[in-house]
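Have a look at the structure below, then the notes.
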Amino acid sequence: MPERKVITGNHAAAYACKSAGVEVVAAYPITPQSPVVEKISEFVESGELPNTQFVCVESEQSAISAVIAASQMGCRVFTASSANGLAYMYELLCWAAGSRLPIVMCIATRALGAPWSVWTDHQDAFSVRDVGFMQQFVESNQETYDTVLMSYRVAEDPRVYLPAFVSYDGYILSHTTMSVQIEDDDKVREFLPPLKHHLNLTDFDNVHSVNPVTPPGLTIRPEGNTPGYYEFRYSMQKAHEYSIEIVEEVAKEFGEKFGRYYGNGIYKSYQADDAEVLIFAVASVASESRGVVDTLRNEGLKVGLISLKLYRPFPIEHLRKAFSKAKLVVVFDRDVGYGVEGILCAELKTALYAAENRPKIRGFVVGLGGRDITADQLIGGVKLAVQEQEIPEVEKNTHVEFIGVHLEELGFKKEEF
Amino acid sequence: MVRTKQDDAFEKNVARTILASMQTPAVGEAGNTGEWRTMRPILHNDLCIVVKSGKPTCHLCWMYCPEITVSREIPPVFNYTYCKGCGICATECPTKAIEMVPEKEAPSCEGNEGGEF
């Protein structure tokens with residue numbers, strides 16, 4: 001029987017691993033991710049996960065190395081990290097993706113140092129966008145549980161074989177309790193059958209070495225022509241491109257089986273059908289925007305929300321459709337592509353460049369390092385964008401706008417300049 | 001060029017076929033890696049447990065060599081064509097029978113690149 005529990009986002013991720021029957025877990029503790037692995041280690045210790053090996057490691061780099069090795073042995077694996085720990089994994093994340101290993105890992109998002117911070121923003125998750133992992137953002141603990149299960153299914157699909165991140169906001173979700181339905185193991189098993197890996201190094205009758213030095217050109221080996229680095233990376237890009245339809249397919253199947261849908265599995269829309277102004281955001285910023293949409297609608301503004309769930313691969317076609325009727329898009333980024341602008345904003349602009357309808361796009365940076373994002377601030381951002389949408393100078397502005405930076409209190413006065 | 005369904009089918013097939021880079025192990029895949037060596041392991045027979053006992057007893061050098069360049073013979077023989085001179089064998093040897101000698105000063109350095117075993 002499915003069980004309803006009131007648990008934190010971290011524990012929701014741990015329960016998802018339990019339901020998925022992960023075989024090897026290795027992780028190194030970092031705030032705010034630590035309780036995920038603490039819970040999994042409790043499951044292993046108490047015998048609730050009898051077939052799971054929990055590997056204690058000395059760093060994040062070792063953690064991801066351990067799960068890469070276990071995945072190459074054909075095991076279903078899990079790890080999790082945040083911010084600086086995730087950055088320490090960076091090299092190995094590239095190896096995991098390059099080897100097309102179906103690793104699922106959670107990111108409890110947190111601001112990257114310096115200065116030292118343990119609070120949330122999305123900089124860490126966006127910083128690993130190009131390693132080759134798939135990536136999904138979530139808005140609730142139930143969505144964390146469900147998305148981990150869906151991510152295993154997609155990652156292990158023989159049409160995909162790509163690792164996946166599931167990112168949830170540090171503290172806002174990781175340490176906040178919500179009601180979460182934990183599904184029956186048998187039912188999860190039907191949805192998520194045992195892993196059939198393309199790689200299994202435990203087959204000693206057919207010994208292979210993985211990832212040898214791979215030159216720019218093809219290599220002629222006893223077994224025939226083997227691909228060069230270029231072909232492997234071409235294949236990885238193509239796998240990303242064609243995995244979007246599989247993410248959609250899996251989300252649909254998940255909904256039919258468990259009765260929970262998250263938009264179309266790619267993005268979640270709220271009051272978007274007749275909206276002239278659309279807010280575009282992910283995770284906690286998107287959650288906060290829902291109330292903002294209601295408030296602005298009561299004031300007579302036709303506002304809606306597109307909350308992006310699948311960030312990598314970036315669903316360009318879906319987004320072109322989603323914004324096909326909008327006149328103005330307001331993007332709230334809890335991250336910055338330093339030297340450019342909000343990463344989500346920049347990517348949306350790229351995606352809509354070739355769209356038939358090209359709405360005006362106004363981007364704002366909000367809430368870095370856990371700075372509270374209030375509904376009033378978001379409302380202010382939307383209203384400002386609406387008021388100024390016809391001013392060409394505003395549209396051509398190349399300077400990034402931050403909302404909620406407290407400079408007056410620090411003694412900076414504009415009128416002095 | 002306008003994309004066709006054939007393009008999709010073709011690319012999907014590539015994406016599902018070219019996965020992890022694997023190879024059947026082959027000797028000398030990366031060239032004669034012994035050329036990278038700056039320190040050469042030299043075995044002192046008088047200290048080696050294997051030589052003294054005349055039996056395949058210790059052989060930690062053979063077990064620990066990451067490049068499979070130490071043979072499990074009596075005495076153990078180094079394959080200088082592929083030995084990179086990492087010194088793990090010398091570190092692991094319990095009786096310090098393996099000495100790491102700078103390549104320049106190594107005995108019979110010229111014209112001795114070992115061989116296959």
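Of the set (1) within 29 Å of residue A:197 (Cα to Cα); (2) surrounded by 12 or more Cβ atoms within 10 Å (Cβ to Cβ), all apply to residue B:30 but (2).
For (1) modelled with pLDDT under 95; (2) touching a Pro at 6+ places or on another chain (Cβ under 8 Å); (3) over 30 Å from residue A:219 (Cβ atoms), each residue gets a yes or a no:
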residue: B:28; (1), (2), (3): yes, no, no
residue: B:43; (1), (2), (3): no, yes, yes
residue: B:47; (1), (2), (3): no, no, yes
residue: B:51; (1), (2), (3): no, yes, yes
residue: B:60; (1), (2), (3): no, yes, yes
residue: B:64; (1), (2), (3): no, no, no
residue: B:92; (1), (2), (3): no, no, yes
residue: B:115; (1), (2), (3): yes, no, no
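Checked against the criterion of being over 19 Å from the mean Cα position of the chain (by Cα) and within 15 Å of residue A:403 (Cβ to Cβ), the candidates A:341, A:299, A:288 yield just one match: A:341. Taking the listed residues A:55, A:22, A:37, A:6, the one that is within 25 Å of residue A:188 (Cβ to Cβ) and part of a helix (DSSP H, G or I) is A:37, with no other qualifying.
Among the residues of the range B:28-62, those that are under 14 Å from residue B:93 (Cα atoms) and β-branched (Val, Ile, Thr) comprise B:42, B:49, B:50, B:51, B:57.
Sort out which residues of the range B:66-82 are within 21 Å of residue B:29 (Cβ to Cβ) and surrounded by fewer than 22 Cβ atoms within 10 Å (Cβ to Cβ), and write them in order of number. Passing the criteria: B:66, B:67, B:68, B:71, B:79, B:80, B:81.
For the range A:188-215, taking the residues that are more than 7 Å from chain B (Cβ to nearest Cβ) and touching a helix residue (DSSP H, G or I) at 6+ places or on another chain (Cβ under 7 Å), the one that is farthest from residue B:29 (Cα to Cα) is identified as A:188. Residues that are within 14 Å of chain B (Cβ to nearest Cβ) and of a type outside the set (S, T, N, Q) are absent from the range A:80-88. Screening residue B:37 with (1) more than 30 Å from residue A:215 (Cβ to Cβ); (2) surrounded by 14 or more Cβ atoms within 10 Å (Cβ to Cβ); (3) out of contact with any strand residue (DSSP E or B) (no Cβ under 8 Å at 6 or more places or on another chain) gives one miss only, at (1). In the range B:95-113, the residues that are on the phi > 0 side of the Ramachandran plot never reach a residue that is at pLDDT 65 or above with C-beta atoms less than 6 angstrom apart, at least six apart or across chains. Listed by position, the helices (runs of 4 or more DSSP H) contained in the range B:30-104 that have at least 2 residues being among the β-branched types (Val, Ile, Thr) are B:49-53, B:88-92.
The values are calculated or read from the model by the stated rules, or taken from the named source; none is laboratory data. Everything numeric in this text was worked out from a predicted model, so none of it was measured. A quick note on method: Cβ atoms are made from the backbone with ideal geometry, for glycine too, and the neighbour counts reach across all protein chains shown.
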